Amino acid sequence: MTTYPFQSALITGASSGIGEAIVRELGPSAIPQVVVARREDRLTRLAAEIGQVEVLVADLTDRRGLARVAKRVGSTAQPIDLMVNNAGFGTAGLFHDADAARLHREVALNVDALTTLSHAAVTAMRARGRGYLLNVSSVASFQPAPKLAVYAATKAYVTSFTESLHEEARGSGVHVTALCPGLTRTEFIEVSSGTEMSETYPSFAWMTAAEVARTGLRDVAANRALSIPGALYKALVAGSGALPRSVLRRLSRVVQSR
Ligand SMILES: NC(=O)c1ccc[n+]([C@@H]2O[C@H](COP(=O)([O-])OP(=O)(O)OC[C@H]3O[C@@H](n4cnc5c(N)ncnc54)[C@H](OP(=O)(O)O)[C@@H]3O)[C@@H](O)[C@H]2O)c1
């Protein structure tokens, strides 16, 4: 069992995928956790299984739901030591074919809610002189992604924003990390893709949510600015940094058109 330094944790998007895997990974350490998502039945079941888990049902694209979660993150009576901004989704397909209201919700969740909750977390953590902020981004944040244009742009925001916060936090006792997974088997594909994406990529390209969760938790504990699970994705990100942008976006279009 891995020993983690966190005294408490709040995880958004804990009802499935990477968020649920983070809750399960922290479970054996008996760290008190707050789990946030819209599907109450899933959260209640998880809480009963893991123990020491507080359920907070909220839609983070709703102003009042977001305010309730931000208030819980900033609590001084029951401080949150590890904040994980994990809830997010994408919209696959050509930009002009996508539903505008859905794209608005995507930006509201991936960017607005993450920024609001990061602010609540960092403010409270700096006052205490300790804390851990883990923002879930994506390898899609490192290049444009035709047919996932809004999603890649929201994740580019998350990586850039989180790296800036990492530097601002130097010497404050607060650790800030962007977790950038590649393809991970979760409900994401079903929610975001609408295509048979899982069949178009080779099996070796897929990671499990548990692998991604462990890497992210280990890296935020170690105060790494970027956490990229898996040797394949580390190499791809390093390679993409070496390519001209014009080549990168064309390659990305070819990959998305498979
Ligand atoms: N899977 C991948 O290949 C992959 C790769 C890179 C990055 N990521 C990122 O990893 C993160 C987690 O995604 P996942 O792969 O674990 O997908 P997932 O299984 O679909 O989980 C998404 C989570 O977000 C929650 N959520 C969605 N909309 C919400 C809202 N409006 N308010 C509150 N919670 C909401 C969902 O819960 P409810 O539906 O119950 O609200 C669910 O718990 C996302 O930020 C995603 O962009 C995923």
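The values are calculated or read from the model by the stated rules, or taken from the named source; none is laboratory data. Just so you know, these numbers come straight off a predicted model, no measurement behind them. Don't worry about glycine lacking a Cβ; one is built from the backbone with ideal geometry, like all the others, and counts go over all protein chains shown.
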Of 243, 226, the only residue that is more than 14 Å from the ligand (Cβ to nearest atom), of a type in the set (A, V, I, L, M, F, W, C) and on the phi < 0 side of the Ramachandran plot is 243
In the set 66, 82, the lone residue that is buried (at least 17 other Cβ atoms within 10 Å of the Cβ), modelled with pLDDT of 95 or more and within 16 Å of residue 178 (Cβ to Cβ) is 82
Taking segment 145-184 and keeping residues of a type in the set (Gly, Ala, Ser), closer than 23 Å to residue 94 by Cα and in a helix (DSSP H, G or I) leaves 149, 152, 153, 156
Does segment 161-177 include one or more residues that are polar (S, T, N, Q) and either buried (at least 19 other Cβ atoms within 10 Å of the Cβ) or touching a His at 6+ places or on another chain (Cβ under 9 Å) (or both)?
-> yes
Of the residues in segment 89-114, those that are surrounded by 15 or more Cβ atoms within 10 Å (Cβ to Cβ) and in a helix (DSSP H, G or I) come to 103, 105, 106, 107, 108, 109, 110, 111, 112, 113, 114
| Does residue 203 fit the bill of being hydroxyl-bearing (Ser, Thr, Tyr), in contact (Cβ under 8 Å) with a residue 40 or more places away in the chain and over 27 Å from residue 6 (Cα atoms)? | no
When segment 1-26 is checked residue by residue, the ones that are within 12 Å of the ligand (Cβ to nearest atom), in a loop (DSSP other than H, G, I, E, B) and without any contact (Cβ under 8 Å) to a residue 60 or more places away in the chain are 15
Answer yes if at least one residue in segment 66-73 is in contact with a strand residue (DSSP E or B) (Cβ under 8 Å, 6 or more places away or on another chain), within 12 Å of the ligand (Cβ to nearest atom) and touching a residue at least 40 places away in the same chain (Cβ under 8 Å), and no otherwise.
yes
Residue 208 passes all but one of the listed conditions (1) modelled with pLDDT of 95 or more; (2) surrounded by 15 or more Cβ atoms within 10 Å (Cβ to Cβ); (3) more than 8 Å from the ligand (Cβ to nearest atom); the exception is number (2)
